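A short worksheet on the structure shown next.
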Amino acid sequence: MAEHQSQAAAVHHRAGQGGKGTERTITPKQYFTVAAILAVVTALEVAVVYIEAMRPVLVPALLFLSFLKFLFVVMYFMHLRIDKAIFSVLLVTGLIMGLGTFIAIGAIIP
Amino acid sequence: MSTYPLPQQEPQGAQESVALQAPAHEAHHAALGVDSKKIGMWLFIASDCMFFGALIGTYLIYAGKSTVGPYPQDLFDIPLTTVSTFILLMSSLAMAMAVHGAQHGDMKKLKRWLGLTILMGLTFLGFQVYEYSHFIAAGLTLSRNLFGTTFYVLTGTHGVHVALGVLWLTLLFITALRGDTKRVNPVNVEIAGLYWHFVDIVWIVVFAVVYLMADVAA
């Protein structure tokens, strides 16, 4: 059973790399570490809102922290760190289109 | 992930593990050598980025332009929303663990973590229902002011995405409980996972832009 499971896992890892044979994977320990980072960054975001001294840099600070959380989720939970580059390309394309829509709406609504 | 070929000879006692590998005839390959269902989900995610880009853009453009109350500062309960945000973030961890279980042929792990993901998704929706009922009681309806319109449309659309995700995961969970390992294969679980994580990243942006920047936007 264990032998087969590791065989199945190896198949998955190779597949994730497009059959290159490099056995990169994300372990449960890494998932839990990322979840802990996400929790800490969320706590930081909330703390920043309540710190008066942070008010002048509130928007860039919040944008940076939420971008950090976004990166951790897409790289680890959505496997872009180990998956084929085509999926990253699709996500970045979507984000650029989303940003374009955002800007276009800003331009057309008075 | 492109393929889940069955091994030539199955080791004894590995039936459950083998069953979680999608049969060769089930694989949907595209010209790029990756599963077409997975490409389809990423394309959906890319198009949904535009959708949420439009909704978030509209919310920000009209932020602070309401002529009558209630206003965001009067209503938002940041500690409460932080708890619901934490639950949704942790549901992504549970989903990642469920996908890990599916990819390693561990049906028990898959069912346990999938069940937890559904539970956390429902809890998040419960928080949203509580928040909406509180806001409506305070006088914020969809047509009350620009804040009400843009807030409910944005968070409501996200809530519908969460509800559909919960429904999808529940169907997957029931299928797994029935032991239909042909449908509950690693590719199908991973695709459901991608959708769930996308819903999570949208909320990461909504939480920062709508809730935490409320004072600045006003």
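The values are calculated or read from the model by the stated rules, or taken from the named source; none is laboratory data. Because the structure is a prediction, the values reported are computed rather than measured. Positions of Cβ are generated from backbone atoms using ideal geometry, with glycine treated the same way; all protein chains shown enter the neighbour counts.
Here are a few things to note about the model shown:
- Pairs are defined by a Cβ separation below 6 Å, a sequence spacing of at least 6 or placement on different chains, a first member in segment A:76-99 that is more than 7 Å from chain B (Cβ to nearest Cβ), and a second member that is of a type in the set (Lys, Arg) and part of a loop (DSSP other than H, G, I, E, B); the pairs so defined are A:Ile82/A:Arg24.
- Some residue of segment A:20-40 being at pLDDT below 95 and on the phi > 0 side of the Ramachandran plot: yes
- Enumeration of residues in segment B:188-216 that are among the aliphatic types (A, V, I, L, M), surrounded by 18 or more Cβ atoms within 10 Å (Cβ to Cβ) and facing another protein chain (nearest Cβ under 10 Å): B:Leu194, B:Ile201, B:Val202, B:Ile204, B:Val205, B:Val206, B:Ala208, B:Val209, B:Leu212, B:Met213, B:Ala214
- Any chance B:Leu172 is within 11 Å of another protein chain (Cβ to nearest Cβ), at pLDDT 95 or above and crowded, with 16+ Cβ neighbours inside 10 Å: no
- Residues that are in a loop (DSSP other than H, G, I, E, B) and farther than 15 Å from B:Leu212 by Cβ within segment A:42-100 comprise A:Met78, A:His79, A:Leu80, A:Arg81, A:Ile82, A:Asp83, A:Lys84, listed in sequence order.
- Of the helices (runs of 4 or more DSSP H) lying entirely inside segment B:70-145, those containing at least 1 residues that are modelled with pLDDT of 95 or more, among the hydrophobic types (A, V, I, L, M, F, W, C) and within 25 Å of B:Phe173 (Cα to Cα) are B:78-103, B:107-137.
- For segment B:82-125, taking the residues that are at the interface with chain A (Cβ under 9 Å from one of its Cβ atoms) and hydroxyl-bearing (Ser, Thr, Tyr), the one that is nearest to A:Phe32 (Cα to Cα) is identified as B:Ser92.
- Of all residues in segment B:45-81, those being at the interface with chain A (Cβ under 7 Å from one of its Cβ atoms) and aromatic (Phe, Trp, Tyr) number 1.
- When the test is whether a residue is out of contact with any strand residue (DSSP E or B) (no Cβ under 8 Å at 6 or more places or on another chain), free of Cβ contacts under 8 Å to residues at least 60 places away in the same chain, within 9 Å of chain B (Cβ to nearest Cβ) and within 16 Å of B:Leu60 (Cα to Cα), A:Ile109 passes it.
- In summary, B:Tyr132 fulfils each of the numbered conditions (1) more than 17 Å from B:Ala192 (Cβ to Cβ); (2) buried (at least 18 other Cβ atoms within 10 Å of the Cβ); (3) not aliphatic (A, V, I, L, M) with the single exception of condition (2).
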